[in-house]
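Let me begin by presenting the structure, written as structure tokens, before commenting on it.
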Amino acid sequence: MLKVLIAEDDRVSARILENHLKKWGYQVFLEKNGEDAWKTLDKENIQIAILDWMMPKLNGIQLCKKIRKRESDLYAYIILLTARSSTEDIVKGLNAGADDYITKPVEYLELKARLSTGRRIIELENYNRKLRDRLKKLAQQDSLTSFLNKKNITLRLREELSRSQRDHQPIAGILIDIDKFKQINDTYGHHVGDQVLVEISSRLKKRLRRHDQIGRYGGDEILVIAWDADSHTLRKIMERLRRAISGTPFETDAGPIDVSISLGGVTSEFKADITTEELIKLSDQALYEAKSKGRDRAETRETFS
């Protein structure tokens, strides 16, 4: 139900407006002055505001300007209610940020039509906002796995390292590589390789803690950021992720395939001022060690020389 604010100091006129709007299917918030109207706008997701030009404390023009200056993801469609009908006054109201105006005494069929126009514009704004959010999300994500892409997982790691230093809590980075992934692609084709990546992403997501983050760092490399992870916690997380992949065959178009992963991890527990580049480099060294020891295993680095 669309939320509509009526700001009108004439109680009789306000109640008549309220009754009409409720009958037309709107959820109505009624205020008698500009300051109370502003508080309601700040608390509720008001999508249409009907503001009387002449009100105590904040008049309609002042409130229009205040609404347009605020930072909000939701657009408020403003209808200015006024006894003034000169071109100069109408232009003044529109320049203050009003979308429309209606003169007193109110013709309710006209108001209903103008509210319908406002509803259409609000619906279009909501659609455009969702589209912008979707495009922003797509720009940050890897299209196949829905993980953060390399740029954004690296940026997130930098931000989390800074926060960990501020909060004095260790953070860990885990690099994951799919064992013999090239062989899977060469044997079964890239379509099956993509199926394996999608299934790996699904299994890993289910084993991560709520505040951990994950991104696709390269072709078959995945980077996990584990918050509040000392060396003991890091090893537990890595083993849980390894077990999520190994031992349970992947169902693909080519039939069941056994897949395993190797993991290399580093925690900032032993070096609070570790940089993003150092953490990734050391995690990569630990990952190389896991692979050189036979794959399907997790290794950590706890020395920084």
TODO: Could you tell me which numbered condition residue 224 fails, if it satisfies all but one of (1) modelled with pLDDT under 95; (2) surrounded by 15 or more Cβ atoms within 10 Å (Cβ to Cβ); (3) over 17 Å from residue 254 (Cβ atoms)?
DONE: (1)
Task: Failed condition for residue 247, given (1) closer than 23 Å to residue 167 by Cα; (2) out of contact with any helix residue (DSSP H, G or I) (no Cβ under 7 Å at 6 or more places or on another chain) - done: (1)
Task: Selected residue (criterion: surrounded by the most Cβ atoms within 10 Å (Cβ to Cβ)) from residues of the stretch 264-305 that are touching a Lys or Arg at 6+ places or on another chain (Cβ under 6 Å) and part of a strand (DSSP E or B) - done: 266
Task: the stretch 180-210, subset buried (at least 17 other Cβ atoms within 10 Å of the Cβ) and in contact with a Leu (Cβ under 7 Å, 6 or more places away or on another chain), residue farthest from residue 236 (Cα to Cα) - done: 197
TODO: Output yes when any residue across the stretch 265-288 is touching a residue at least 40 places away in the same chain (Cβ under 8 Å), over 32 Å from the mean Cα position of the chain (by Cα) and within 18 Å of residue 178 (Cα to Cα), and no when none is.
DONE: yes
- [ ] Could you give me the residue pairs with C-beta distances under 7 Å whose first residue belongs to the stretch 92-112 and is closer than 20 Å to residue 75 by Cα, whose second residue is modelled with pLDDT of 90 or more and among the aromatic types (Phe, Trp, Tyr) wherever it lies, and which are 6+ apart or on separate chains?
- [x] 99/77; 112/24
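The values are calculated or read from the model by the stated rules, or taken from the named source; none is laboratory data. Keep in mind that this is a model prediction, so the values were computed, not measured. Glycine also receives a Cβ, built like all others from the backbone with ideal geometry; neighbour counts cover every protein chain displayed.
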